[in-house]
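Enquirer: Dropping a structure here in structure tokens format, bear with me for questions.
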Amino acid sequence: SFNYFVDVDIKNIVKANNKVTSDVDPRFWLKYADIRIGNPDRTDANAVDSYVTPQECRLRDTTYGAPIFVTIQYTRGKQVISRRDVNIGRIPIMLRSNKCILTHKADAQLAKMQECPLAPGGYFVVKGTEKVILVQEQLSKNRIIVETDPVKNIVQASCTSYVLQSLATLAL
């Protein structure tokens with residue numbers, strides 16, 4: 001899910017589409033050598049520290065997010081130049097994911113950060129509002145969804161179904 005995306009999938013996406021060549025000068029190219037997601041931080045340049053909590057983002061109407069850093073290589077004339085940790089944007093961070101500051105915190109630490117220890121996470125704070133992404137497959141009708149829970153050691157299957165009525169039946 002989100003952890004796999006930020007740790008593995010985003011690297012595979014960059015690896016598959018990593019080189020851009022200029023249409024004007026084919027000797028000029030830019031290549032993404034690596035990508036990584038940083039730790040959630042403030043976007044305010046005047047901040048004393050960059051540490052940020054989801055609760056602070058809720059109160060300040062900001063997004064709980066982290067910078068996206070890349071290592072790039074490009075040509076300048078005949079010289080190949082390499083730059084590490086170039087910030088190319090930000091990504092919202094899912095609460096309780098491996099990039100979240102709440103992960104592996106004790107209940108007392110969570111309470112000090114004004115977070116509910118019982119909250120399972122799995123959502124985002126965007127512009128101060130909690131947002132949830134619903135998996136479209138789970139909303140599909142007449143489709144069996146199989147889930148495993150390694151902690152409880154169970155496999156669960158569910159199916160949401162509906163009956164399609166013909167127009168002739170509806171007209172009656």
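The values are calculated or read from the model by the stated rules, or taken from the named source; none is laboratory data. Computed from a predicted model, the values in this text were never measured in an experiment. We place every Cβ from the backbone using ideal geometry, glycine too, and count neighbours over all the protein chains shown. All accessible areas refer to the heavy atoms of the entire protein, side chains included, with ligands and DNA or RNA removed. Shrake-Rupley method; radii C 1.70, N 1.55, O 1.52, S 1.80 Å.
Enquirer: Within segment 7-64, how many residues are open to solvent by 80 Å² or more (accessible area, probe 1.4 Å), charged (D, E, K, R), in a loop (DSSP other than H, G, I, E, B) and under 30 Å from Gly77 (Cα atoms)?
Expert: Going through segment 7-64 one residue at a time, the tally reaches 2.
Enquirer: Let me ask something else about it. So Gln114 ticks every box in (1) within 22 Å of the chain's Cα centre (by Cα); (2) open to solvent by 40 Å² or more (accessible area, probe 1.4 Å); (3) in contact (Cβ under 8 Å) with a residue 24 or more places away in the chain but one. Which box is left unticked?
Expert: (1)
Enquirer: So which residues in segment 85-99 are open to solvent by less than 30 Å² (accessible area, probe 1.4 Å) and of a type in the set (S, T, N, Q), if there are any at all?
Expert: Of everything in segment 85-99, just one residue is open to solvent by less than 30 Å² (accessible area, probe 1.4 Å) and of a type in the set (S, T, N, Q), namely Ser97.
Residue-wise test of (1) modelled with pLDDT of 80 or more; (2) of a type in the set (A, V, I, L, M, F, W, C).
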{"residue": "Pro117", "(1), (2)": "yes, no"}
{"residue": "Val125", "(1), (2)": "yes, yes"}
{"residue": "Val132", "(1), (2)": "yes, yes"}
{"residue": "Lys141", "(1), (2)": "no, no"}
{"residue": "Glu147", "(1), (2)": "yes, no"}
{"residue": "Lys152", "(1), (2)": "yes, no"}
{"residue": "Val155", "(1), (2)": "yes, yes"}
{"residue": "Tyr162", "(1), (2)": "no, no"}
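Enquirer: Give the residue, chosen from Lys99, Lys105, that is without any contact (Cβ under 8 Å) to a residue 40 or more places away in the chain and among the basic types (Lys, Arg). Can you show your working first?
Expert: On the way: Lys99 fails: without any contact (Cβ under 8 Å) to a residue 40 or more places away in the chain.
From the options Lys99, Lys105, the qualifying one is Lys105.
Enquirer: Could you give me the residue pairs with C-beta distances under 6 Å whose first residue belongs to segment 150-161 and is open to solvent by less than 80 Å² (accessible area, probe 1.4 Å), whose second residue is not in a loop (DSSP other than H, G, I, E, B) wherever it lies, and which are 6+ apart or on separate chains?
Expert: The qualifying pairs are Ala157/Ile144; Ala157/Val146; Ser158/Ile145; Cys159/Ile144.
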